[in-house]
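Heads up: the structure comes next, in structure tokens.
The values are calculated or read from the model by the stated rules, or taken from the named source; none is laboratory data. Here the structure is a predicted model, which is why all the values come from computation and not from measurement. No Cβ is skipped: glycine too gets one built from the backbone with ideal geometry, and neighbour counts run over all protein chains shown.
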Amino acid sequence: MLKRMKYIGILACLMGGIFLFSIFYNKSHSVSVRDGIKREDALEKLTKNEGYFMVRFSDYNTGLMYIISEGTDSGVEVELEGNTPLHSLSNVFRDSRNEVLIYGYEKNIEKKAIDPTLLEDFPNEPYTIVVEEWEMITPIYRDYTYTSYSRMIYPKGYLDEYDLEHEDYKIQGQ
């Protein structure tokens with residue numbers, strides 16, 4: 001019994017050390033490269049200004065990658081063109097809980113539909129927003145399931161140096 005307690009104590013110390021190391025390692029990489037925007041602030045921009053759209057990543061394997069998450073068009077699938085988050089973000093950020101505040105303009109407005117199967121020519125010209133700027137809305141979630149690296153603790157308010165180092169976030173123009 002005493003031997004078993006000794007092994008449990010050693011295992012607990014080892015696990016604690018690993019946990020503390022991961023916190024220290026993540027803190028050393030946790031320098032903001034690009035801040036997110038609070039959801040309340042994003043909703044305020046959305047309601048007070050024209051040209052803003054709030055979208056989230058789709059949780060479907062088929063169809064378009066984005067769905068409008070707030071406003072009168074909530075639930076509508078949308079294609080993004082121009083300076084889209086896809087140019088800068090890897091699959092790590094394609095969690096359906098992640099939302100993005102988009103600034104841009106609409107294209108193919110007549111293709112706007114919650115059920116795209118109702119549109120005969122939907123695959124050819126979907127409802128589209130041409131993106132000029134975008135911001136991640138906090139909290140920012142990451143999923144390292146399909147990567148060769150992982151993090152136990154990560155910042156939910158911004159993209160950091162770790163994201164840059166592992167090419168999960170790429171600054172445009174570099």
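Screening Asp95 with (1) over 16 Å from the mean Cα position of the chain (by Cα); (2) at pLDDT 85 or above gives one miss only, at (1). Do you know which of the residues in segment 69-92 that are within 16 Å of Met136 (Cβ to Cβ) and hydrophobic (A, V, I, L, M, F, W, C) is modelled with the lowest pLDDT? The residue in question is Leu86.
Any residue that is at pLDDT 85 or above and not in a strand (DSSP E or B) - is there at least one of those in segment 20-39? There is at least one residue in segment 20-39 that is at pLDDT 85 or above and not in a strand (DSSP E or B). Do you know which of the residues in segment 98-120 that are at pLDDT 90 or above and buried (at least 16 other Cβ atoms within 10 Å of the Cβ) is nearest to Ser150 (Cα to Cα)? Across segment 98-120, the extreme among qualifying residues is Asn98.
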